[in-house]
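Participant: Here it is, the structure, as structure tokens.
The values are calculated or read from the model by the stated rules, or taken from the named source; none is laboratory data. Note that the coordinates shown come from a computational prediction; the quantities given were computed from them, not determined experimentally. As a convention, Cβ positions derive from the backbone with ideal geometry for all residues, glycine included, and neighbour counts pool all protein chains shown.
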Amino acid sequence: MEALELIWVLLRLLLAGALLALGLYCCYIKWVHLRYDHIPSAPRASFLFGHLPIFWNILKNKEVTQDLFLQWAEEYGPVVRINTFHRVSLLILSPEGVKEFLMLPQYPKDRSLYKNLSNMFGVRFLGNGLVTDHKHDHWHKQRKIMDPAFSRTYLIGLLGTFNDQAEEFMKELEKKADGETKVDMMCLLRRVTLDIIAKVAFGLELNTLYDEETPFPHAVNMVMKGISNVRIPLFKYMPRNRQVISEIRESLRLLRHTGKQCIEQRRKAIQNEEEVPLDILTQILKNAAQEGDYDEENMLDNFVAFFVAGHETTANQLSFTVMELGRQPDIVAKLQAEVDEVIGVKRDIAYEDLGKLKYLSQVLKEVLRLYPPAPHTIRWTKSENIIEGVKIPANTTLIFSTYIMGRMEKYFKDALTFNPDRFGKNQPKPYFSYFPFSLGPRSCIGQVFAQMEAKVVLAKFLQRFDFQLVPPQSFKVLDTGTLTPSDGVVCRLKLRQQLHCKD
């Protein structure tokens, strides 16, 4: 009996302790509400969970949270509060706020929100590389080493490799260009962009265009699945997810192991004064040697980031481009006329040609306005600020969304209309309301690479093929960590030469 009474007393104490802890936590949440409730927002769905139940419902329905935030921005103004448990994040949808927080180095990335990318399910992913590093001085050292390898001057020398890889893609499409075969363009674009970044950046021959089932491409796909699922609350604790989490972990280890082998072999070859490929990795290692600042783990962090983010975002941009052009025949005709004039029947596209493809550049910019694969970026402010007359408390997470601002009538007239002319030479520049590659010192290091790649692939595609989307196509967006076309992009292709012969 005494033992039972002791157990009962302990249970009562535990319950009392739990209730006390819950009460104190609720008091803390109330204090947080008092700090931030002067900032406009939609009503919280729950005192404890904040807006989280709304977001869960959106994820369940495979909708895009950014579309909800767009509605909130139109209703509540340029600074919008988001509550999840005791955490508050603020959407800053003001050019004034974008200029202040993105252009200046004293506002770091939010360490707590990037931790799921630093380590994913207990395995190092992007670690402390360029994407996730929140310490400006350390990030700046890395960026100084990396920048020359991604400069326009250096990438021009690699344009031949861009052409060669894109040409392999055209050959694969030609096999399917009978006007009847259904071609999964999004799938193929993901393969060719992976092949391009592997070859141009690291001298690797992946050939995923012909064999997607090899271990490395499969690992990249699993990591992308991890990025999509790591955002789901309690995902890693659900027993049914153990198998996929295990596979994601193994995929991360494979990417880092491959990167380590690649970097070590190249570094030894450079030290031994052997002939090495003139690619991005060679330039990075030479820069690191000159700076005397070689950190293998950081190198691996960036190796993985370039592979995963570098191919996925460009593939998504090109997929959205094909999707949108599928319902814009007049724009396609104008694009093809420009490509015919600038490139003609040439196989290789020169750097000078890329500069002349002005309308194609406008189209790609307009695609990024409506469909930015990386829709937002996040910062942290340690000090109190005032933006648009709204007081921003110190120690606050700030979210900046080029997707939302790109779809606001306040910044773009007829915002939901696809209109490449808005990026014409004589049009006003969308300062601080359009930033698909972020802005300021932490803007994307690979933006020149990505746009050069996109131009080469798209120009060759328009040079060779006419295409039609296979219905149905909802033209909706799916958020899987990056934004992708919800239905994929399935087309029927015909060789343009064949069409001219029939005419």
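Participant: Go through (1) touching a strand residue (DSSP E or B) at 6+ places or on another chain (Cβ under 9 Å); (2) loosely packed, with under 12 Cβ neighbours inside 10 Å for E5 and report which single condition fails.
Facilitator: (1)
Participant: Taking the residues in region 260-300 that are small (G, A, S) and assigned to a helix (DSSP H, G or I) as candidates, determine which candidate is farthest from the chain's Cα centre (by Cα).
Facilitator: From region 260-300, those small (G, A, S) are 269, 288-289, 292; that's our starting set.
Cutting the leftovers down to assigned to a helix (DSSP H, G or I) gives us 269, 288-289.
On the way: A269: 33, A288: 26, A289: 30 Å.
If we take residues in region 260-300 being small (G, A, S) and assigned to a helix (DSSP H, G or I), then A269 is farthest from the chain's Cα centre (by Cα).
Participant: While we're here: What about P428, is it within 27 Å of A198 (Cα to Cα), at pLDDT below 95 and either surrounded by fewer than 16 Cβ atoms within 10 Å (Cβ to Cβ) or of a type in the set (K, R) (or both)?
Facilitator: Values: within 27 Å of A198 (Cα to Cα): no; at pLDDT below 95: yes; either surrounded by fewer than 16 Cβ atoms within 10 Å (Cβ to Cβ) or of a type in the set (K, R) (or both): yes.
Considered against the rule, which asks whether it is within 27 Å of A198 (Cα to Cα), at pLDDT below 95 and either surrounded by fewer than 16 Cβ atoms within 10 Å (Cβ to Cβ) or of a type in the set (K, R) (or both), P428 comes out as no.
Participant: I would also like to ask the following. May I ask you to list the residues in region 386-413 that are of a type in the set (D, E, K, R) and touching a Lys or Arg at 6+ places or on another chain (Cβ under 9 Å)?
Facilitator: Step one: list which residues in region 386-413 are of a type in the set (D, E, K, R), which gives 388, 391, 407, 409-410, 413.
Answer for region 386-413, where residues must be of a type in the set (D, E, K, R) and touching a Lys or Arg at 6+ places or on another chain (Cβ under 9 Å): R407, K413.
Participant: Being among the small types (G, A, S), more than 20 Å from S94 (Cβ to Cβ) and touching a residue at least 24 places away in the same chain (Cβ under 8 Å) is the requirement here; does S401 meet it?
Facilitator: Details: among the small types (G, A, S): yes; more than 20 Å from S94 (Cβ to Cβ): no; touching a residue at least 24 places away in the same chain (Cβ under 8 Å): yes.
Judged against the criteria, S401 is not a match.
Participant: Residue by residue through region 34-57, note down the ones that are buried (at least 16 other Cβ atoms within 10 Å of the Cβ), assigned to a helix (DSSP H, G or I) and either touching a Ser or Thr at 6+ places or on another chain (Cβ under 7 Å) or in contact (Cβ under 8 Å) with a residue 24 or more places away in the chain (or both).
Facilitator: Answer for region 34-57, where residues must be buried (at least 16 other Cβ atoms within 10 Å of the Cβ), assigned to a helix (DSSP H, G or I) and either touching a Ser or Thr at 6+ places or on another chain (Cβ under 7 Å) or in contact (Cβ under 8 Å) with a residue 24 or more places away in the chain (or both): Y36, L52, F55.
Participant: Could you grab me the full set of residues in region 407-464 that are of a type in the set (V, I, T), farther than 21 Å from H376 by Cβ and assigned to a loop (DSSP other than H, G, I, E, B)? Spell out how you get there, then give the answer.
Facilitator: Within region 407-464, the first condition is being of a type in the set (V, I, T), and the residues that meet it are 417, 445, 448, 456-457.
Restricting the remaining residues to those that are farther than 21 Å from H376 by Cβ gives 417, 448, 456-457.
Answer for region 407-464, where residues must be of a type in the set (V, I, T), farther than 21 Å from H376 by Cβ and assigned to a loop (DSSP other than H, G, I, E, B): just T417.
Participant: Something else: Taking the condition of being surrounded by fewer than 21 Cβ atoms within 10 Å (Cβ to Cβ), of a type outside the set (A, V, I, L, M, F, W, C), over 23 Å from the mean Cα position of the chain (by Cα) and not in a helix (DSSP H, G or I), how many residues in region 79-105 meet it?
Facilitator: 3
Participant: Here is a list: T313, T321. Which entry is touching a helix residue (DSSP H, G or I) at 6+ places or on another chain (Cβ under 7 Å), at pLDDT below 95 and either crowded, with 21+ Cβ neighbours inside 10 Å or among the small types (G, A, S) (or both)? Spell out the reasoning first.
Facilitator: Values: T321 fails: at pLDDT below 95.
After applying the criteria, what remains is T313.
Participant: Could you please find all residues in region 213-263 being among the hydroxyl-bearing types (S, T, Y), modelled with pLDDT of 90 or more and surrounded by fewer than 17 Cβ atoms within 10 Å (Cβ to Cβ)?
Facilitator: Step one: of region 213-263, the residues among the hydroxyl-bearing types (S, T, Y) are 214, 228, 237, 246, 251, 258.
Right, trim to modelled with pLDDT of 90 or more and you get 246, 251, 258.
Passing the criteria: only S246.
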